[in-house]
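The values are calculated or read from the model by the stated rules, or taken from the named source; none is laboratory data. Every value quoted in this text rests on a predicted model; they were computed, and no experiment measured them. Here the Cβ positions follow ideal geometry from the backbone for every residue, glycine too, while neighbour counts run over all protein chains shown.
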Amino acid sequence: MKYTEMSREQLQTELAHHKAEYAAHQSRGLKINATRGKPNAEQLALADALLTLPSTHIASDSTDVRNYGGADGLPEMKQLFADLLGVTPQEVIVGGNASLNMMFDCIATLILSGVWQRGQKFLCPAPGYDRHFAICEYFGLEMLTIPMTPDGPDMDIAERLAADPNVVGMWCVPVFSNPQGYTYSDETIRRLAAMPVANAAFALLWDNAYAIHHFKGVRPQPLNILRECERVGNACRPIIFTSFSKISYAGSGVVAMASCVENLNFFRKRINVQTIGPDKINQLRHVEFFRDVAGIQAHMDKHAAILRPKFERAYTLLSERLTQTNAEWTTPDGGYFLSVEVPGCAKRIYALCREAGLEITEAGAAYPYGKDPLDANLRFGPSFLRQDEIDPAMDVLCSAINVAAIEQVLG
Ligand code: PLP
């Protein structure tokens, strides 16, 4: 029976039971951090052969990778990113080790050059990635929340908002979105490509952070945004970002942006002033280690084998223990997060988890300005946990959800 169908007396009994259970978990003195989607040591070790590479310091175009230069990236690294993203090497610029840095810099460049202005507006599908929202806040771009659906952002709302000339861009995480793990449908991608916009400098910041991060053997094949935009005459609308952060090393991967040649030339002007060149040794060792897209995919299958049991165990425990609540959660085939919705209870659950030694992402963080309108979304990153930490973490999370859900019904 659901809590909402119980008498006050029954609810009091349930509350006492779940509070006792919660107190027992609390007394274990746990210290578990599931706040972020960090790969665990076992995943990182999969790429440890990188530490013995590259085997040469000369790249395919005779560049000595130990030296200055090569701001655009080594030809072989550009080719690998191009193959991964389904674009041409001319549409790629290779960066350093953090795509977030490239995204920040992209917005900085657009604002510093006067293409965009502080105070203008940005479309933010939510729940979404808190660090995207932090960049907008830093640059004084007003964030407009767009609800997420299993097919991607609610496109009726996106299209309505994009008719405002002050709307200059939109965040998109098209595959295994953070945190719900949704992948944009073809229809959503077509609508984003063709969306009428009032500001000619409108851009889709297409953060393909989880492009190949499946863990159940199903690889999403979304439409190619660059080609779709080109097809409908908006070739320069998307700016794509991707990275090796959750393929090789989170702290020492390689990243790239892809866009139309005209956009890349615009960004190059700043990049060439900013740096004499990125870490080409790291690029070469990545190309030697992974070789090609098939090599990357084979490597991602090894990540999947480590991640899958953690997610599956977590989903099993959620479905066994939250039957009486109105909690809902997604069960994606990839990505890095568990996303649970408990309307009206997220802040309380977050606090209860903290008090029992389980750190999850702060309630509200998945929304612009940290304000979840329904106080519903909870984000939990299982990847960093050892397999034997999943049960104790879910014990705390499920007890906290039950306690908060009963308290809510009791009023
Ligand atoms: N984009 C999304 C959607 C993410 O979830 C993350 C990390 O969690 C990043 C980007 C960070 O990427 P990078 O390590 O390349 O900066």
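Before moving on, here are some points about what is shown:
- Hey, Asp61 surrounded by fewer than 19 Cβ atoms within 10 Å (Cβ to Cβ) and either assigned to a loop (DSSP other than H, G, I, E, B) or assigned by TED's automatic domain parsing to the domain that holds Glu362 (or both) or not: yes
- Yes/no for Ala49 being in the same structural domain as Met102 (by TED's automatic domain parsing) and in contact with a helix residue (DSSP H, G or I) (Cβ under 8 Å, 6 or more places away or on another chain): no
- Val218 vs. criteria free of Cβ contacts under 8 Å to residues at least 24 places away in the same chain and β-branched (Val, Ile, Thr): no
- Complete set of residues in the range 87-110 that are away from the ligand (no atom under 16 Å from the Cβ), crowded, with 17+ Cβ neighbours inside 10 Å and not acidic (Asp, Glu): Val87, Pro89, Thr109, Leu110
- Hey, Arg231 assigned by TED's automatic domain parsing to the domain that holds Gln90 and crowded, with 23+ Cβ neighbours inside 10 Å or not: no
- Selection status of Arg308, crowded, with 16+ Cβ neighbours inside 10 Å, assigned to a helix (DSSP H, G or I), modelled with pLDDT of 95 or more and out of contact with any helix residue (DSSP H, G or I) (no Cβ under 8 Å at 6 or more places or on another chain): yes
To keep it simple, each residue is scored yes or no on (1) assigned to a loop (DSSP other than H, G, I, E, B); (2) surrounded by fewer than 18 Cβ atoms within 10 Å (Cβ to Cβ); (3) under 18 Å from the mean Cα position of the chain (by Cα).
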| position | (1), (2), (3) |
| --- | --- |
| Gln180 | yes, no, yes |
| Tyr184 | yes, no, yes |
| Ala198 | yes, yes, no |
| Ala211 | yes, no, yes |
| Thr242 | no, no, yes |
| Tyr249 | yes, no, yes |
| Ile271 | no, no, no |
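- Of everything listed in (1) part of a loop (DSSP other than H, G, I, E, B); (2) in the same structural domain as Phe176 (by TED's automatic domain parsing); (3) modelled with pLDDT of 95 or more, the single unmet condition for Ala71 is (3).
- Leu80 at pLDDT 95 or above, outside the structural domain of Leu204 (by TED's automatic domain parsing) and on the phi < 0 side of the Ramachandran plot: no
- Identification of strands (runs of 3 or more DSSP E) wholly contained in the range 92-171 with 2 or more residues that are of a type in the set (Val, Ile, Thr) yields 92-94, 142-149.
- In the condition set (1) of a type outside the set (Asp, Glu); (2) over 20 Å from Arg270 (Cα atoms); (3) away from the ligand (no atom under 14 Å from the Cβ), Ser113 is compliant with all but (2).
- Single residue of the range 391-411 satisfying the filter (of a type in the set (Val, Ile, Thr) and within 26 Å of the chain's Cα centre (by Cα)) that is farthest from Ala16 (Cα to Cα): Val396
- Of residues in the range 225-276 being over 23 Å from Gly70 (Cβ atoms) and among the aliphatic types (A, V, I, L, M), the one farthest from the ligand (Cβ to nearest atom): Val232
- Looking across the range 251-262 at every residue that is of a type outside the set (A, V, I, L, M, F, W, C) and either in contact (Cβ under 8 Å) with a residue 60 or more places away in the chain or assigned to a loop (DSSP other than H, G, I, E, B) (or both), the one that is farthest from Ala82 (Cα to Cα) is identified as Gly251.
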